[in-house]
Each structure stands twice: as C-alpha cells, then as structure tokens.
Amino acid sequence: MIICYVHWTDEKGEAQNEEVYSVTAAKKLMKEHPGARASKTKVYSNGDWVNCGEIHLKGSNKSFIANSPRNMKKANY
C-alpha cells in the first residue's frame, strides 16, 4: 500500500497536512495548493514501511528502494 503525505501552508500561515492513498490524489492536492510538498511511503503487509521520497508534479515518481523487504532475496549475514 502507498501512503502519500501532502503538506502546505494556508492563507493564515497555518500548516496543513493531508494523508491520501494514491499519487494521483496527492498530485491533485499539490495543484490545488501552490507551494505544497508531498512525500510517498510504501507500507508492506507485515508492517514494514519504507520512505520512497518526494513526489514531483512533472516527471516520473517511480523509485527503487534498495534493501527493502521485497528486494531482499536472502539474509545479509
């Protein structure tokens, strides 16, 4: 599951945060609130999570996460 966090400052200067579950919804919020920043987190079924970085309006938002539970084939010891 992907969880996206969008952060922006409103007209009153107060910080606003929103949690959405798709990159498309996060990009839509970023377009509605100029100056907004967003980050993406991947959560696995066993409870592990990995920060996937920042979301950009232009370009690809794909990321390779080294040593994540899905990419590890055997123990590294």
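The values are calculated or read from the model by the stated rules, or taken from the named source; none is laboratory data. Here the structure is a predicted model, which is why all the values come from computation and not from measurement. Please note: Cβ atoms are built from the backbone with ideal geometry, for glycine as well, and neighbour counts cover all protein chains shown.
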Which one is farthest from the chain's Cα centre (by Cα) among residues in segment 12-49 that are of a type in the set (Ser, Thr, Tyr) and at pLDDT below 90? 45
Residue under question is residue 5, and the condition is that it be of a type in the set (Phe, Trp, Tyr), at pLDDT below 90 and either assigned to a loop (DSSP other than H, G, I, E, B) or surrounded by 14 or more Cβ atoms within 10 Å (Cβ to Cβ) (or both); does it hold? no
Is there a residue in segment 10-24 that is farther than 18 Å from residue 65 by Cα and in a helix (DSSP H, G or I)? yes
